[in-house]
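Student: Shown below is the structure under consideration.
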Amino acid sequence: MQLNHYNSKFKAKKFPIILLTDHVVRPANVGGLFRIADAFGVQKLILGGTLELNRKVWNTSRATEKAIDYEQKEDLGPALEQLRKEGYVLVGLEITDSSTAIASIALKKEQKIALVIGAERHGINEAVLKVLDFCCHVEMYGQNSSMNVVQATSIALYTLTNKLQNVEL
């Protein structure tokens, strides 16, 4: 028998991870991010930039917007500044000339993480990149240099939540 959320043995848990989006605007991606944030016990989702939360977003989110704390911010700068003051490490999920493979980063158990993900076509903007503590990326082995923002975020959150639990991957 296939399990569902009523009869699975998964235990609800929140991780000290805040997921911030830098101008992710496609409704399917925004809805998917709600779902994945809920699935991985993200503490909060901060949607940066201007976007309309509409029926398309809610259809894709499948009601997870009711389970995840979220807010919208035009500018991520002040939110990142506040998170740093609260002890969060500011991490970008972005391929850069100095980014590190996410599988190889070291974290302390229960480290507070603000994970910033970028827009569908342009990634994280330069102003936001400059304030981050570091960037990490998902290693890929094909000829493509990027993947869908929800797919990449799923891999990153899986990796981070395992690291925060001190589980060896």
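Student: Please tell me if ALA28 is open to solvent by 50 Å² or more (accessible area, probe 1.4 Å) and part of a loop (DSSP other than H, G, I, E, B). Write out each step before concluding.
Tutor: Numbers: open to solvent by 50 Å² or more (accessible area, probe 1.4 Å): yes; part of a loop (DSSP other than H, G, I, E, B): no.
No; evaluated as a whole, the condition is false for this residue.
Student: On the given criteria, is LEU80 open to solvent by less than 80 Å² (accessible area, probe 1.4 Å) and free of Cβ contacts under 8 Å to residues at least 60 places away in the same chain?
Tutor: Values: open to solvent by less than 80 Å² (accessible area, probe 1.4 Å): yes; free of Cβ contacts under 8 Å to residues at least 60 places away in the same chain: no.
Criteria not met by LEU80.
Student: Hey, another quick one. Cβ-Cβ below 9 Å, separation at least six or inter-chain, first residue in the range 37-51 and at positive phi, second of a type in the set (A, V, I, L, M) and assigned to a strand (DSSP E or B): which pairs?
Tutor: Final answer for the pair search is GLY41/ILE17; GLY49/ALA119.
Student: Among the numbered conditions (1) in a helix (DSSP H, G or I); (2) closer than 25 Å to GLY31 by Cβ; (3) open to solvent by less than 40 Å² (accessible area, probe 1.4 Å), tell me where LYS163 comes up short.
Tutor: It is condition (2) that LYS163 fails.
Student: What is the number of the single condition among (1) modelled with pLDDT of 95 or more; (2) open to solvent by 90 Å² or more (accessible area, probe 1.4 Å); (3) among the polar types (S, T, N, Q) that SER99 does not meet?
Tutor: It fails just one condition, (2).
Student: Something else: May I ask you to list pairs of residues, at least six apart or on different chains, whose Cβ atoms are under 7 Å apart, with the first in the range 97-117 being under 12 Å from ASN162 (Cα atoms) and the second being of a type in the set (S, T, N, Q) and surrounded by 15 or more Cβ atoms within 10 Å (Cβ to Cβ)?
Tutor: What qualifies is ILE102/THR159; ALA103/THR159.
Student: Turning to a different aspect of this structure: Considering only residues of the range 1-25 that are open to solvent by less than 40 Å² (accessible area, probe 1.4 Å) and assigned to a loop (DSSP other than H, G, I, E, B), which is farthest from ASN148 (Cα to Cα)?
Tutor: Restricting attention to the range 1-25, the residues satisfying the condition of being open to solvent by less than 40 Å² (accessible area, probe 1.4 Å) are 8, 15-22, 24.
Checking the rest, the ones that are also assigned to a loop (DSSP other than H, G, I, E, B) come to 8, 24.
Values: SER8: 28, VAL24: 11 Å.
Residue satisfying both the conditions and the ranking: SER8.
Student: Follow-up. Please work out if ALA152 is open to solvent by less than 70 Å² (accessible area, probe 1.4 Å), part of a helix (DSSP H, G or I) and either farther than 26 Å from GLN165 by Cβ or modelled with pLDDT of 95 or more (or both). Lay out the reasoning, then the answer.
Tutor: Working: open to solvent by less than 70 Å² (accessible area, probe 1.4 Å): yes; part of a helix (DSSP H, G or I): yes; either farther than 26 Å from GLN165 by Cβ or modelled with pLDDT of 95 or more (or both): yes.
When the stated conditions are applied, ALA152 passes them.
Student: If you check every pair at least six apart or on different chains, which have Cβ atoms under 8 Å apart with a residue in the range 6-27 that is under 29 Å from LYS109 (Cβ atoms) first and a residue that is assigned to a loop (DSSP other than H, G, I, E, B) and open to solvent by 90 Å² or more (accessible area, probe 1.4 Å) second?
Tutor: LYS9/LEU3
Student: What tally of residues in the range 85-94 results from selecting those that are assigned to a loop (DSSP other than H, G, I, E, B) and buried (at least 17 other Cβ atoms within 10 Å of the Cβ)? Please lay out each step first, then the result.
Tutor: Taking the range 85-94 and keeping what is assigned to a loop (DSSP other than H, G, I, E, B), we get 86-88, 94.
Those left that are additionally buried (at least 17 other Cβ atoms within 10 Å of the Cβ): 88, 94.
Residues in the range 85-94 being assigned to a loop (DSSP other than H, G, I, E, B) and buried (at least 17 other Cβ atoms within 10 Å of the Cβ): 2 in total.
Student: While we're on this one: Please determine whether any residue of the range 121-132 is within 14 Å of VAL24 (Cβ to Cβ), open to solvent by less than 20 Å² (accessible area, probe 1.4 Å) and not in a helix (DSSP H, G or I). Can you show your working first?
Tutor: Going through the range 121-132, the residues within 14 Å of VAL24 (Cβ to Cβ) turn out to be 121-125, 128.
After this cut, where a residue has to be open to solvent by less than 20 Å² (accessible area, probe 1.4 Å) as well, the list is 123-124, 128.
Next, only the ones that are not in a helix (DSSP H, G or I) stay: 123-124.
Yes, the range 121-132 contains at least one residue that is within 14 Å of VAL24 (Cβ to Cβ), open to solvent by less than 20 Å² (accessible area, probe 1.4 Å) and not in a helix (DSSP H, G or I).
Student: What number of residues within the range 1-39 satisfy the criterion of being aromatic (Phe, Trp, Tyr) and at pLDDT below 85? Walk me through how you get there before you give the answer.
Tutor: So the first thing to find is which residues in the range 1-39 are aromatic (Phe, Trp, Tyr), and the list is 6, 10, 15, 34.
Restricting the remaining residues to those that are at pLDDT below 85 gives 6, 10.
So the answer is 2.
Student: Oh, and also: How many residues are under 17 Å from ILE17 (Cα atoms), in a loop (DSSP other than H, G, I, E, B) and open to solvent by 10 Å² or more (accessible area, probe 1.4 Å) when one looks only at the range 31-69?
Tutor: 3
Student: Can you name every residue in the range 1-60 that is over 11 Å from the mean Cα position of the chain (by Cα) and of a type in the set (Ser, Thr, Tyr)?
Tutor: Within the range 1-60, TYR6, SER8, THR50, THR60 qualify.
The values are calculated or read from the model by the stated rules, or taken from the named source; none is laboratory data. Fair warning: this is a prediction, and the values are worked out from it, not measured in the lab. Because the Cβ atoms are built from the backbone with ideal geometry, glycine has one as well, and the counts that use them run over all protein chains shown. Side chains are part of the model used for accessible areas, which takes the heavy atoms of the whole protein and leaves out ligands, DNA and RNA. Shrake-Rupley method; radii C 1.70, N 1.55, O 1.52, S 1.80 Å.
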